[in-house]
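Peer 1: Before anything else, here's the structure in question.
The values are calculated or read from the model by the stated rules, or taken from the named source; none is laboratory data. Treat the numbers as computed from the prediction; the structure is a model and nothing was measured. Here the Cβ positions follow ideal geometry from the backbone for every residue, glycine too, while neighbour counts run over all protein chains shown. Side chains are part of the model used for accessible areas, which takes the heavy atoms of the whole protein and leaves out ligands, DNA and RNA. Shrake-Rupley method; radii C 1.70, N 1.55, O 1.52, S 1.80 Å.
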Amino acid sequence: MTLFTRLFRKRPRPPSPGEQAAAVLHRFTTATIMGVDREDLGRYPAKQRKVMAFHYGAIRCLASEFDLDETETLAMFVMFVSKYFNLPVSETGSISERLQGFRDNPDEHRFLEAGEDVFRRWHEQGERRAPLVLGEMLQA
């Protein structure tokens, strides 16, 4: 490689905090889905909301860690829902209602808090089996 090429080649842009958080969320989601019956999620909307609440708890932890504002946090949740639940963009307007349900519905709120706890155990303490808690909670 010549000196000219080294000096003037295009350097890749470092990932934004939102992109870094999204990558961590993807790894966490991959780990949690291992313990979940995906067919059940398709059949039972109540289970879908619980899984969404669980992962929103993880998203809140990531938002805090990466210093994301409310808009970036909501964007990450919308991307999560659209990627893993194939929610059309036209239906993302109901996101605020879903988030309010996570706060108001005691069962969904329990999943939100569990998602925060499990994410911290997985991400900060290295408990690789912690994400399997989601599958256990859904079966109970």
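Peer 1: Computed FRET efficiency, Cβ-Cβ of ASP107 and MET34, R0 22 Å: what is it to the nearest 0.05?
Peer 2: E(calc), rounded to 0.05, equals 0.45.
Peer 1: Probe radius 1.4 Å, ligands and nucleic acids ignored: give me the carbon and sulfur share of the accessible area of the chain as a rounded percent.
Peer 2: The computed percentage sits at 53.
Peer 1: What is the P(r) of segment 71-140, as percent of Cα-Cα pairs per 5 Å bin from 0?
Peer 2: 3, 14, 18, 22, 23, 14, 4, 1
Peer 1: Along the charge dipole of the chain, pointing to its positive end and built from +1/-1 on Cβ of Lys, Arg, Asp and Glu, which listed residue (GLY57, ALA75, GLY101) has its Cα farthest out?
Peer 2: Final value for the positive-end residue is ALA75.
Peer 1: Continuing with this model, one more query. Identify which of ARG13, ARG43, ARG110 has the largest mean-square fluctuation in a Gaussian network model of the chain, with springs joining Cα atoms closer than 10 Å.
Peer 2: The residue with the greatest mean-square fluctuation here is ARG13.
Peer 1: Leaving out ligands and nucleic acids, note down the accessible area per residue over the chain with a 1.4 angstrom probe, in whole Å².
Peer 2: Per-residue value: 62 Å².
Peer 1: Let me ask something additional. Just subtract the alpha-carbon distance of ARG9 and PHE85 from 0.36 nm times their residue separation and send over the number in nm, one decimal.
Peer 2: The span from ARG9 to PHE85 would gain 23.4 nm if fully extended.
Peer 1: Per residue of the chain, what 222 nm ellipticity follows from adding -39500 (n - 2.57) for every DSSP H run with n ≥ 4, rounded to the nearest 500?
Peer 2: -22500 deg cm²/dmol
Peer 1: Which whole-Hz ³J(HN,Hα) couplings does segment 71-83 yield from phi under the Karplus relation 6.51 cos²θ - 1.76 cosθ + 1.60, θ = phi - 60°, glycine and proline marked x?
Peer 2: Here the 3J(HN,Hα) series is 5, 5, 5, 5, 4, 5, 5, 4, 4, 4, 5, 5, 6 Hz.
Peer 1: Would you mind computing the Rg to Rh ratio of the chain from its alpha-carbon coordinates, Kirkwood style for Rh?
Peer 2: 1.09
Peer 1: Mind pulling up the Rg/Rh value for segment 16-65? Radius of gyration and Kirkwood radius, both on Cα.
Peer 2: Rg/Rh for segment 16-65 comes to 1.03.
Peer 1: Which ³J(HN,Hα) values in Hz, rounded to whole numbers, follow from the phi angles of segment 14-26 under the Karplus curve 6.51 cos²θ - 1.76 cosθ + 1.60, where θ = phi - 60° and Gly and Pro get x?
Peer 2: So the J values, rounded to whole Hz, are x, x, 6, x, x, 5, 5, 5, 4, 5, 5, 4, 4.
Peer 1: Sticking with this one: Let's test this: bin the Cα-Cα distances of segment 1-84 at 10 Å from zero up to the farthest pair and state each bin's percent.
Peer 2: The calculated distribution, bin by bin, is 15, 40, 21, 12, 8, 4, 0.
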